[in-house]
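*Asks:* This is the structure I want to talk about, given as structure tokens.
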Amino acid sequence: MYTNEWSLILFTLLIQAAVGAFIFNLIVGLLLKDKIEQNKLYKILTPTQYAVGFFIIVGSLASVFHLGTPTNAANVFSNIGSSWLSREILFVGGFSLLWLVTFLMGRGKQEINQGLAIVTSVVGLIAVYSMAQIYTSTIIPAWQHFNTFVVFYGTTFLLGTLVSMSTINYAIKKEAQSMEGSLSENIVTSFAYIVIVTVAVQVLVAPIYILSLSNGNTAAVLSAELLYNEYVFLLGLRWLLMLFGGVLLTFLIWKQFYASKQLTITSSQGSIYLAFIVILVGEIIGRYLFYASGVPLMIG
Amino acid sequence: MQWSAAAAGVALSGYQSELRNISSAEATQISNKEGKWITAACWHNCGGRCLNKAYVVDGIVLRQKTDDTHPDSPDFPQQRACARGRAQREQVFGKDRLRYPMKRKNWAPAGGKKELRGRDEWVRISWDEALDIVAGEIKSIKEKYGNTSILNFGGSRMMNAYGGAMSSWGTVSWGAWPATSAFMQTGSIWNLAITSDRSEIKKSKLIVLWGSNPAWSSAGNPTYNYLQAKKAGAKFIFVDSFYNPSAMALADDWIPVRPGTDTALLLGMAYYMIKNDLYDQDFLDKYTVGFDADNMPEGADSKDNFKDYVLGTYDGEPKTPEWASEICGTDPRIIRYFAQEIATTKPMSFISAFAPSRTYRGEQFCQAFVTVGWMTGNVGIPGGAVGVSAHNRASNEGPGLVTPGGAGVPAISNPIFPAHYGFPGPDPFKDDWQGPVWDETWDAVLTGEYTAGIRGRQKCNIKMISHMGMGAALNQLPSFNKGVEAHRTVDFVVSADHFLTTNAKYADVVLPATTPWERFGGLLTGNREMLIFYSQITEPLYEAKDDIWMEKEVGKRLGIDPDLIDPIPLKQQVFNQLAGATVIKEDGSGYEPLVTITSQDIQEWEVQGEPQKGRIGLSEFKEQGIYQIPRREGDKFTHRALKSFREDPEANPVDTESGKLEIYCRKLSEYINAFNWTKVDPIAKYVPAVEGYEDTKDGKYPLQLITIHYNRRAHSCLDNNLWLREGFEQEFAMNPDDAAKYGVKNGDIVKIASQHGIVIRPVYLTERLMPGVTTLGQGAWAEKDEETGIDKAGCTNTLNGNKPTGQGVQPWNTCIVKVEKYEGALLPDYKWAQRLVF
Amino acid sequence: MSEKGFFFDMTACIGCKSCQIACKDKNDLDVGSLFRKVWLFERGKFPNPRSYFISMACNHCKEPKCVDNCPTGASYRREEDGVVLIDLNKCIGCKYCTWSCPYEARHYNKDNGKVEKCNACLDLLQQGEKPACIDACIMRVLEYESVEELNKKHKETTKDIDGLPDSNITKPNIILKPHKHAYKREVR
């Protein structure tokens, strides 16, 4: 029903991607800690931080376009006590601020403070949680479902890792850095596993979700009907793309196991970029469908 | 703090004779000022009449309200206005009001490019130029072709003084009731009503509403009055093809029947009643003629009685419920049940509206309806009545308890169609009139011929169409497409209107007219218990002028004395009506003056008159805007139809040939037959209609269409009102089973075609409609596409063909159509561009 | 506090929309915006259609999700009578409340970038009058009073009928006299 929510689509995707990218970056940082020089590590991780910042800025700007009266925006924290929207803005704001601090401190020291990054990540995860709660607190059955958490965290991990991997690869190439093969392989495999598992969870939840909608109240049924009638092509396309991304990375892992080929970030870049593109498109379609299939409880 | 509902940006309100947008800051400022409630006219032919008030601040109308002049109770109810009345200011101050006189760009004397009517550009002109053109065309056409070449809708004092004009006539809303009522029971084609007032109806144990939907056709209190009867214990049975909104609130039973086949249903019921001895033989013998062979009027063949026709004694066709069911679609078991109910529940009010008689051969329905009603003997007894209760008298028939006086303006008769005829029609035996029935009007223009009663086909040569004064003929007469052609044939078309209505759209010259909100004031009557006195709300908008001013100005140019056309100022006319207004005395014994008038009032009003004593002071009346008789249980104002006739039929005969109720009515048959269209028997017989149910069977046009009164509008008035467009979407309704046959889903845009035209509309699927029957609200302003000929507004007259029948009935509920899915898009009406000119 | 609410006698509503238009007039609403709306419900199958109307505005719920979810506090519930109001000076037009109302009572106004709704004609209440819709009803099926009084006056009422969202979601202050066709049945 809500087919024109482009600002919210942009906002939720970008903020979730930012949180995910930040977290994966932290993981990479932890994996490589003490294994390569601080300065080198910093250079590998920095482009991701820029991307996170860029996403935060564009996402926040997009969210403003959703508002009818942005000039009143200062009021948004007035109902922290009961409104998940207030809380979301608080935590997204908190994440953004912490990212800024992490980023600026990192610039000074040429080193990212991992303690601070952990705090930032936790706040980011809470922000995504608040974001999902906004939708589960409505009277729209398609959103009240735990599927909302699955897709929001799904986006966080999928887009986050894909963004992070892409920027890390970019950093390595740009700086003409070299990295020890086994380290590189660790990163690539953990990245691939995150993506594969997240896709798998989503693939498992999706039919359960549609099935439970079909057995729900009138509004839920209407949502389900929208998905398998009007939007069946988009829905199919989304899952085709997601699966393709998942299979691509499974193949990567397979190569490691059975072809005994050592994976490195740069040697996997084709797969990473391709997975990024198809999953990104799949996610945009998915988020569009999330809004478009929302039917409120209605009189009727 | 600003409340969410505070007036934020009052869009377009009347202000110093102009319309303009008001900023929200200014709106807040205005709404803080003290204003005044003024009684505003709600003047439409909607089938109701209610009190409407406007809150005016600095000449700007901020909001409306309805009757709050006294506490509301079922016996003494407030006269509350319906959605249309409540949206009145959206009409008067509509952005699309006509502002200036204008002419068609390609107009030239004697027409210019006539084929461009309806699609030409408009050019703003001065009043002088406009009036000169109108007068000039009238003069030259009269001189060249004579007065009968000028077709004037709605009557014009100016034209009458100038030698008259051709009129059009017909029974319109009233269907076939005028002559049937007159000859069978009342003696007057103006008196249809043999039903009682609301206090009597409340005594009924059973109320049958046949083809009646007061919720839409008689807004205001009628449905509420029926609700009181329901609360008092009456059972309601609705007979209709459509389970209508009134039925949704009132009905205990719904008897579905195919449009135009009600006569068959009634005959099937009569058969059951006769066979089971479920009729009041004593009543029929004493009070009626023609039921059986023993009770026939003098000179009639005894074989032609009603009972033998029903039994099939001579024609070999018993009119059994099974026979009826084949035609009317009602289950035979339901026919028996229904007959049993009406025959055994007393007292009963057996009430019909006009719709079932607004059919081809509609007279047969009226005959059958009253005949079956009379068989139950529910005449003149407490809570018992048989007949019509409709329009603004619905649920509450009877003589007015408070009535206005005359305005004092002497009539000017039309030499071509004398004033005493007018609506509902002329005497077919006489030759003192000329003019086509509504159904033959466009044919008369196009072919130069029409039917004039016993004189048969007459020649005419119509060269000019005038829509000055009133009406919406082009949109509201059958065969809209022929109407367009007719308008593109004549030498001159002039319209006066509030908007670019269909009438105005196809004219050469359009004159902007004032609404009653822009005039001094006046009186409005509706139901029998009240009189409304409305006042001026605003100055005339832009260059809008009163209709009578236009008449005078054109008249002047034709050398007619303006004082003949408009002899008395409006204020004096209103004063005369007030001074002459009467109200029933407390004891019901007679009438007395209503309004107390002092010499000071006369001075203040600057009118001629005498002081008088009445019930309510002049200024108090103006302030309140209404005088209503307080009714209470057991008061003296009850009206029981045919009470005295029932008590003593010898002393108080009805005004018919026999003095009795005429089941066999020779005069009716002769009268109808004299019109020279369809014939009718002296007794009720079922004869299939042209374009009726029987004609759907070949499958070319498989669906019947009824064109109901729709509550977006009052006929075509208010169709452009955006609030109402939003509330009432002008959907084409049909049964889902029918829709499935054509692959049509709810909300689809469908193309609806009859033999006479094509419209497109969104479809609304409903189980409330009988399979095989469809409905579309009448009155939408036609939007005919010049290329495809498709009318996207769904004007029902695009679909309704002109088929003159009976006494000059417009058979709008006799129409057959086919439906298919339309592949184009259609925005909801309220999103359409308004018809803005300047 | 003496909580106020609407009473609606569905049995006698004819769907005439006088209330809807009176509301538009009182609140000066452009097309596209309705604070009160009349709904037509259709069930059943010919020749036994089951159908009825509902006239509904904001139900000034006891547990209004719109108020809970509003981030700015612009939406609030008035202490003395439970009227749910919007302070337009605070509203940011996030539309979150429109996703929180199961009765479609809230409308986003593109022109001023804020959400608007029925305020029970607060100005009229202050003058001792009733909301505009109440006195507009030509069938006299709408009432607005203290909930206590309404419950005393009307018996055999309900909040849950076939076609309305479960009243447990927001605890609406609407009392319905159900139409014979509208009794709540098992949903699917």
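*Asks:* Return the only residue of C:GLU63, C:GLU104, C:GLU148 being more than 14 Å from chain A (Cβ to nearest Cβ), surrounded by fewer than 22 Cβ atoms within 10 Å (Cβ to Cβ) and of a type in the set (Asp, Glu).
*Replies:* Numbers: C:GLU63 fails: more than 14 Å from chain A (Cβ to nearest Cβ); C:GLU104 fails: more than 14 Å from chain A (Cβ to nearest Cβ).
Result: C:GLU148 is the single residue among C:GLU63, C:GLU104, C:GLU148 that is more than 14 Å from chain A (Cβ to nearest Cβ), surrounded by fewer than 22 Cβ atoms within 10 Å (Cβ to Cβ) and of a type in the set (Asp, Glu).
*Asks:* Applying the selection to segment B:740-763, what residues are crowded, with 22+ Cβ neighbours inside 10 Å, of a type outside the set (Val, Ile, Thr) and touching a strand residue (DSSP E or B) at 6+ places or on another chain (Cβ under 6 Å)?
*Replies:* Within segment B:740-763, just B:ARG761 meets the criteria.
*Asks:* Would you pick out the residues in segment B:33-67 that are touching a helix residue (DSSP H, G or I) at 6+ places or on another chain (Cβ under 7 Å) and of a type in the set (A, V, I, L, M, F, W, C)?
*Replies:* Selection gives B:ALA40, B:ALA41, B:CYS42, B:TRP43, B:CYS46, B:CYS50, B:ALA54, B:VAL57, B:ILE60, B:VAL61, B:LEU62.
*Asks:* Just need a number here: residues in segment B:764-788 that are over 27 Å from B:CYS328 (Cβ atoms), out of contact with any Gly (no Cβ under 7 Å at 6 or more places or on another chain) and either crowded, with 21+ Cβ neighbours inside 10 Å or of a type in the set (Gly, Ala, Ser) (or both). Give the derivation first.
*Replies:* Looking only at segment B:764-788, we keep the residues that are over 27 Å from B:CYS328 (Cβ atoms), and these are B:779-788.
Now drop any that are not out of contact with any Gly (no Cβ under 7 Å at 6 or more places or on another chain), which leaves B:779, B:781-788.
Then keep just the ones that are either crowded, with 21+ Cβ neighbours inside 10 Å or of a type in the set (Gly, Ala, Ser) (or both); that gives B:779, B:781-782, B:784.
Final tally of qualifying residues: 4.
*Asks:* Still on this structure, please answer the following. In segment C:77-95, how many are crowded, with 24+ Cβ neighbours inside 10 Å and either out of contact with any His (no Cβ under 9 Å at 6 or more places or on another chain) or under 15 Å from C:LEU34 (Cα atoms) (or both)?
*Replies:* 3
*Asks:* Which numbered condition in (1) at pLDDT 95 or above; (2) buried (at least 16 other Cβ atoms within 10 Å of the Cβ); (3) not small (Gly, Ala, Ser) is the only one that B:LEU62 fails?
*Replies:* (1)
*Asks:* Considering segment A:48-90 alone, what residues qualify as being closer than 23 Å to A:VAL122 by Cβ and touching a Lys or Arg at 6+ places or on another chain (Cβ under 8 Å)?
*Replies:* A:ILE80
Yes/no per residue for (1) away from every other protein chain (no Cβ under 14 Å); (2) of a type outside the set (S, T, N, Q); (3) without any contact (Cβ under 8 Å) to a residue 12 or more places away in the chain; (4) more than 30 Å from C:TYR103 (Cβ to Cβ):
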| residue | (1), (2), (3), (4) |
| --- | --- |
| A:THR69 | no, no, yes, no |
| A:SER96 | yes, no, no, yes |
| A:LEU100 | yes, yes, no, yes |
| A:ARG107 | yes, yes, yes, yes |
| A:TYR129 | yes, yes, no, no |
| A:GLN133 | no, no, no, no |
| A:THR138 | no, no, no, no |
| A:TRP143 | no, yes, no, no |
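*Asks:* Of the numbered conditions (1) within 23 Å of C:LYS171 (Cβ to Cβ); (2) outside any strand (DSSP E or B); (3) in contact (Cβ under 8 Å) with a residue 60 or more places away in the chain, C:CYS97 fails exactly one; give the number of that condition.
*Replies:* C:CYS97 satisfies all of (1) within 23 Å of C:LYS171 (Cβ to Cβ); (2) outside any strand (DSSP E or B); (3) in contact (Cβ under 8 Å) with a residue 60 or more places away in the chain except (3).
*Asks:* Filter segment A:151-180 for residues that are more than 11 Å from the chain's Cα centre (by Cα) and in a helix (DSSP H, G or I) and give the result.
*Replies:* A:MET165, A:SER166, A:THR167, A:ILE168, A:ASN169, A:TYR170, A:ALA171, A:ILE172, A:LYS173, A:LYS174
*Asks:* Which of (1) within 28 Å of B:GLY789 (Cβ to Cβ); (2) in contact with an Asp or Glu (Cβ under 9 Å, 6 or more places away or on another chain); (3) surrounded by fewer than 19 Cβ atoms within 10 Å (Cβ to Cβ); (4) of a type outside the set (S, T, N, Q) is the odd one out, the single condition B:LYS667 does not satisfy?
*Replies:* (1)
*Asks:* Ok, one more. Kindly evaluate C:ALA132 against the criterion of being within 30 Å of B:LEU250 (Cβ to Cβ) and under 14 Å from the mean Cα position of the chain (by Cα). Before the answer, list the steps.
*Replies:* Details: within 30 Å of B:LEU250 (Cβ to Cβ): yes; under 14 Å from the mean Cα position of the chain (by Cα): yes.
Yes: the conditions hold for C:ALA132.
*Asks:* B:GLU298 - would you say it is more than 21 Å from the chain's Cα centre (by Cα) and either crowded, with 24+ Cβ neighbours inside 10 Å or under 30 Å from B:TRP43 (Cβ atoms) (or both)?
*Replies:* In short, no.
*Asks:* Select from segment B:17-29 the residues that are assigned to a helix (DSSP H, G or I) and either of a type in the set (Val, Ile, Thr) or surrounded by fewer than 18 Cβ atoms within 10 Å (Cβ to Cβ) (or both) and list them in ascending order. Give the steps one after another, and end with the answer.
*Replies:* First, the residues of segment B:17-29 that are assigned to a helix (DSSP H, G or I): B:24-29.
Matches in segment B:17-29: B:SER24, B:ALA25, B:GLU26, B:THR28, B:GLN29.
*Asks:* Something else about it: Quick check on A:GLN133: is it on the phi > 0 side of the Ramachandran plot and not β-branched (Val, Ile, Thr)? Talk me through it step by step, then tell me what you get.
*Replies:* Values: on the phi > 0 side of the Ramachandran plot: no; not β-branched (Val, Ile, Thr): yes.
No: the conditions fail for A:GLN133.
*Asks:* Right, here's the next one. Could you list all residues from segment B:160-173 that are touching a helix residue (DSSP H, G or I) at 6+ places or on another chain (Cβ under 8 Å) and in a helix (DSSP H, G or I)?
*Replies:* Matches in segment B:160-173: B:ALA161, B:VAL172, B:SER173.
*Asks:* Here is a further query. Give the residues of segment B:341-361 that are buried (at least 24 other Cβ atoms within 10 Å of the Cβ), part of a loop (DSSP other than H, G, I, E, B) and either basic (Lys, Arg) or touching a Phe, Trp or Tyr at 6+ places or on another chain (Cβ under 8 Å) (or both), sorted by residue number. Steps first, please.
*Replies:* Here is the first cut: in segment B:341-361, the ones buried (at least 24 other Cβ atoms within 10 Å of the Cβ) are B:348-361.
From what's left, part of a loop (DSSP other than H, G, I, E, B): B:353-354, B:358-361.
Passing the criteria: B:ALA353, B:PHE354, B:ARG358, B:THR359, B:ARG361.
*Asks:* For the condition under 18 Å from the mean Cα position of the chain (by Cα), facing chain C (nearest Cβ under 9 Å) and aliphatic (A, V, I, L, M), what is the one hit in A:ILE89, A:ILE56, A:ILE80?
*Replies:* Numbers: A:ILE56 fails: facing chain C (nearest Cβ under 9 Å); A:ILE80 fails: under 18 Å from the mean Cα position of the chain (by Cα).
When all the criteria are applied, what remains is A:ILE89.
*Asks:* Before we move on, is A:THR155 surrounded by 23 or more Cβ atoms within 10 Å (Cβ to Cβ) and at negative phi? Can you show your working first?
*Replies:* Values: surrounded by 23 or more Cβ atoms within 10 Å (Cβ to Cβ): yes; at negative phi: yes.
Judged against the criteria, A:THR155 is a match.
*Asks:* Still on this structure, please answer the following. Can you name every residue in segment C:124-133 that is in a helix (DSSP H, G or I) and either out of contact with any Lys or Arg (no Cβ under 9 Å at 6 or more places or on another chain) or surrounded by 22 or more Cβ atoms within 10 Å (Cβ to Cβ) (or both)?
*Replies:* Applying the first criterion (in a helix (DSSP H, G or I)) to segment C:124-133 yields C:124-126, C:132-133.
Of everything in segment C:124-133, those that are in a helix (DSSP H, G or I) and either out of contact with any Lys or Arg (no Cβ under 9 Å at 6 or more places or on another chain) or surrounded by 22 or more Cβ atoms within 10 Å (Cβ to Cβ) (or both) turn out to be C:GLN126, C:ALA132, C:CYS133.
Here is a yes/no grid of residues against (1) closer than 30 Å to B:ASP240 by Cα; (2) modelled with pLDDT of 95 or more; (3) among the hydroxyl-bearing types (Ser, Thr, Tyr); (4) within 21 Å of the chain's Cα centre (by Cα):
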{"site": "B:SER349", "(1), (2), (3), (4)": "yes, yes, yes, no"}
{"site": "B:THR371", "(1), (2), (3), (4)": "yes, yes, yes, no"}
{"site": "B:GLY387", "(1), (2), (3), (4)": "yes, yes, no, yes"}
{"site": "B:HIS391", "(1), (2), (3), (4)": "yes, no, no, yes"}
{"site": "B:PRO428", "(1), (2), (3), (4)": "no, yes, no, no"}
{"site": "B:GLY456", "(1), (2), (3), (4)": "no, yes, no, no"}
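*Asks:* State the number of residues belonging to segment B:253-263 that are in contact with a strand residue (DSSP E or B) (Cβ under 8 Å, 6 or more places away or on another chain) and in a loop (DSSP other than H, G, I, E, B). Can you show your working first?
*Replies:* Initial filter on segment B:253-263 (in contact with a strand residue (DSSP E or B) (Cβ under 8 Å, 6 or more places away or on another chain)): B:253-260, B:262.
Adding the requirement that they be in a loop (DSSP other than H, G, I, E, B) leaves B:257-260.
Residues that pass the stated criteria total 4.
*Asks:* Checking the conditions here, which among B:GLY155, B:GLY170, B:GLY211 is surrounded by fewer than 24 Cβ atoms within 10 Å (Cβ to Cβ), of a type in the set (Gly, Ala, Ser) and in contact with a strand residue (DSSP E or B) (Cβ under 9 Å, 6 or more places away or on another chain)? It would help to see each step written out before you state the result.
*Replies:* Values: B:GLY155 fails: in contact with a strand residue (DSSP E or B) (Cβ under 9 Å, 6 or more places away or on another chain); B:GLY211 fails: surrounded by fewer than 24 Cβ atoms within 10 Å (Cβ to Cβ).
Of B:GLY155, B:GLY170, B:GLY211, the one residue that is surrounded by fewer than 24 Cβ atoms within 10 Å (Cβ to Cβ), of a type in the set (Gly, Ala, Ser) and in contact with a strand residue (DSSP E or B) (Cβ under 9 Å, 6 or more places away or on another chain) is B:GLY170.
*Asks:* Among (1) under 30 Å from B:LYS53 (Cβ atoms); (2) assigned to a loop (DSSP other than H, G, I, E, B), where does B:TYR627 come up short?
*Replies:* Looking at each condition in turn, B:TYR627 falls short on (2).
*Asks:* Do we have any residue at all in segment B:583-590 that's within 30 Å of B:PRO399 (Cβ to Cβ), within 30 Å of the chain's Cα centre (by Cα) and touching a residue at least 24 places away in the same chain (Cβ under 8 Å)? Working first, answer last.
*Replies:* Start the filter on segment B:583-590 by keeping residues that are within 30 Å of B:PRO399 (Cβ to Cβ), which leaves B:583-590.
Within this subset, residues satisfying the condition of being within 30 Å of the chain's Cα centre (by Cα) are B:583-584.
Within this subset, residues satisfying the condition of being touching a residue at least 24 places away in the same chain (Cβ under 8 Å) are B:583-584.
Yes: one or more hits.
*Asks:* Further, regarding this structure: Confirm whether B:THR774 is hydroxyl-bearing (Ser, Thr, Tyr), in contact with a strand residue (DSSP E or B) (Cβ under 9 Å, 6 or more places away or on another chain) and either away from chain C (no Cβ under 14 Å) or farther than 16 Å from B:PRO478 by Cα (or both). Write out each step before concluding.
*Replies:* Values: hydroxyl-bearing (Ser, Thr, Tyr): yes; in contact with a strand residue (DSSP E or B) (Cβ under 9 Å, 6 or more places away or on another chain): yes; either away from chain C (no Cβ under 14 Å) or farther than 16 Å from B:PRO478 by Cα (or both): yes.
So B:THR774 passes the test.
The values are calculated or read from the model by the stated rules, or taken from the named source; none is laboratory data. These numbers were taken from a predicted model, which means no experiment stands behind them. Glycine gets a Cβ as well: all are built from the backbone with ideal geometry, and neighbour counts include every protein chain shown.
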